[in-house]
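The values are calculated or read from the model by the stated rules, or taken from the named source; none is laboratory data. Remember, predicted model here, so these are calculated numbers, not experimental data. Reconstructed Cβ throughout: ideal geometry from the backbone, glycine too, with neighbour counts over all protein chains shown. Surface accessibility is based on the protein's heavy atoms, side chains included, excluding ligands, DNA and RNA. Shrake-Rupley method; radii C 1.70, N 1.55, O 1.52, S 1.80 Å.
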Amino acid sequence: MTAPTDLDVMRERAIDVLCDPSLAHVVDMVAYAEGDSIVVANSGGAASLSRSAPDQPADVRHGRNPVELQDPLAFTTLAEELADRSPPNERNSYPWAGERLASLFAAAAAPDIAIVHTGKHFWPAKGGHVGEHGSLNVVQSRAPLLLSGAAVSGRGMIPVAARVVDVAPTLAWLAGAPLATLGDMDGQALVDLLVPRPDGFVIGLLWDGCNSNSLYALAAAGELPNVARLLSRGCALTGGAIAEFPSVTLVNHTCALTGVGPGRHGIVNNAYFDRAIAAQRLTNDARTWHRWAEWLAPGVSTVFERVDGPSACVNEPADSGASYSTFRLIREAGNSGGAGDMDDLLPNPHEDAHTTKEYLSRKDYAWSSSVDAVGLQQMLDLWPSKSEAPKLTWWNTLLTDTGHHAGGPHSAVAHAAMRDADARLGVFLDHLDRMGALEATTFLLTSDHGSEGADTDCLGDWDEPLTEAGVQFRDEANGFLYLGC
Ligand SMILES: [Zn+2]
């Protein structure tokens, strides 16, 4: 038995504070690495999960296992989600909790303690929104996943779930990479639902931050006619694609395009502390997106690097190896502020035919609409004719996340953002149809994470009680604690 270090003592103190019932309304659980275990703990109990065999049942240390329920199909259908909004830990579900936490804590930049927010937690003072994601819980983690077109054998709504790390192997396999070359990825190609066509085109669509149940329900109700058009020629997974933890943007864009979790790609949050340089890494920001490849762990490949033939990557930071990339153009423009320095070049959203004008008074909605208008224009330019089309195309849509944050996933503004995205998709589908390319194309539509509505009365924070208890820490992205610094 080795003597506890100062850091061990500080961590115990921090865990005591965070698992106190007085913070249970905002702390769903904490997670931390301890030897070969990941420990999950909250005011109701604690359990250890094996880092080397994370799919094995947890060993309960006391009380109740905070990740007892792991059904990936929990709260599927919109009605079931709305009947129990932001449920407490005992009724919530944490799919693949062991695998996802083990991946995070394998990363060099993993925190000493990861705090999982409750679904209800509202933290506007630290940049939180009415609609949030980031948690380990199923609603914040669940992205939609829809497959459509030439290579899709599945039909209708299928009651299964996949993972965001499955997106890259699925796209690479569809675009011609042999399965045997993809075995090093954490994710797996969705072989049961697809039959790749060697002569076809493959398009990945990422609508950032869409609530999966909501997207499917709006498509069924006729509100998203172009998503419905895709679904009429394919299938959707009711359980969607479960994001890696934390269920935030740049972690999961990277997972979707590399097929590996944060433990291997190294981008552990939208902001995190890099002990190697003793400084913050701010990854998910308009001023830094173009620098994505600098943060990627060595030896990790993107889907573009695994596929032969021309490829295109539109409005997406995770772009290494793409024949065309928006962010390469931004890097080549040489502005240190990247996309954040290029507002003068963006079109006026008031003049964009696919923007819901009533939300343009919101700065974020206006900016995201401009960016997405440029996204559509790039897609049309990249596909001048069937003979000049990229084999693999990835098209990232930003506005959907903006709308979900602004009002929560079931708000009018979130729905408007999805309708705008759907209208832009429709323009592109019509374009493919006119050139005779639609029949030869396979689509994968997903998000990088889900979205859940906060309870605006559920306020609270841990920084003050931790400081009062003498814990020395830095808190990155509101929940990643690095101790002793
Ligand atoms: Zn996102």
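Listed by position, the helices (runs of 4 or more DSSP H) inside region 190-276 whose residues that are open to solvent by 10 Å² or more (accessible area, probe 1.4 Å) number at least 2 are 212-220, 225-231, 262-265. Against the definition (acidic (Asp, Glu) and away from the ligand (no atom under 16 Å from the Cβ)), how does GLU244 come out, yes or no? So GLU244 does not fit the description; no.
Within this structure, ALA353 passes the test of being among the hydrophobic types (A, V, I, L, M, F, W, C) and not in a helix (DSSP H, G or I). Only residues in region 387-400 that are assigned by TED's automatic domain parsing to the domain that holds VAL314 and charged (D, E, K, R) count as the first member; pair them with residues that are open to solvent by less than 30 Å² (accessible area, probe 1.4 Å) and part of a loop (DSSP other than H, G, I, E, B), Cβ under 6 angstrom, at least 6 apart or cross-chain, and list the lot. Once the first residue is assigned by TED's automatic domain parsing to the domain that holds VAL314 and charged (D, E, K, R) and sits in region 387-400, its partners that are open to solvent by less than 30 Å² (accessible area, probe 1.4 Å) and part of a loop (DSSP other than H, G, I, E, B) give LYS391/ALA175.
When region 201-241 is filtered for residues that are aliphatic (A, V, I, L, M) and within 15 Å of the ligand (Cβ to nearest atom), the ones remaining, listed by number, are LEU205, LEU206, LEU215, ALA241. Among the conditions (1) of a type outside the set (A, V, I, L, M); (2) open to solvent by 40 Å² or more (accessible area, probe 1.4 Å); (3) modelled with pLDDT of 95 or more, ASP401 misses just one, which is (2). Filtering ALA412, ALA477, ALA437 for residues that are among the small types (Gly, Ala, Ser) and not assigned by TED's automatic domain parsing to the domain that holds ALA162 leaves a single hit, ALA477. From the list ALA114, ALA125, ALA107, the one residue that fits, being open to solvent by 50 Å² or more (accessible area, probe 1.4 Å), among the aliphatic types (A, V, I, L, M) and either at pLDDT 95 or above or not in a loop (DSSP other than H, G, I, E, B) (or both), is ALA125.
Within the span defined as region 309-322, one or more residues are at pLDDT below 95, under 26 Å from THR181 (Cβ atoms) and more than 17 Å from the chain's Cα centre (by Cα).
Just one of the listed residues (ASP199, ASP208, ASP184) is in the same structural domain as PRO409 (by TED's automatic domain parsing) and within 18 Å of the chain's Cα centre (by Cα), and it is ASP208. For region 259-276, which positions are within 16 Å of the ligand (Cβ to nearest atom) and of a type in the set (Val, Ile, Thr)? ILE267, VAL268, listed by residue number. Considering ALA189, ALA217, ALA161, ALA168, the condition of being within 22 Å of the chain's Cα centre (by Cα) and more than 25 Å from GLY261 (Cβ to Cβ) is satisfied by ALA217 alone.
Flag set for ARG61, criterion: more than 18 Å from ASN137 (Cβ to Cβ), without any contact (Cβ under 8 Å) to a residue 60 or more places away in the chain, basic (Lys, Arg) and outside the structural domain of PHE245 (by TED's automatic domain parsing).
Give the residues of region 277-300 that are away from the ligand (no atom under 16 Å from the Cβ), among the charged types (D, E, K, R) and surrounded by fewer than 20 Cβ atoms within 10 Å (Cβ to Cβ), sorted by residue number. Within region 277-300, ARG287, ARG291, GLU294 meet the criteria. Note on region 1-101: enclosed strands (runs of 3 or more DSSP E) holding 2 or more residues that are open to solvent by less than 20 Å² (accessible area, probe 1.4 Å) and among the hydrophobic types (A, V, I, L, M, F, W, C) are 27-34, 37-42, 45-50.
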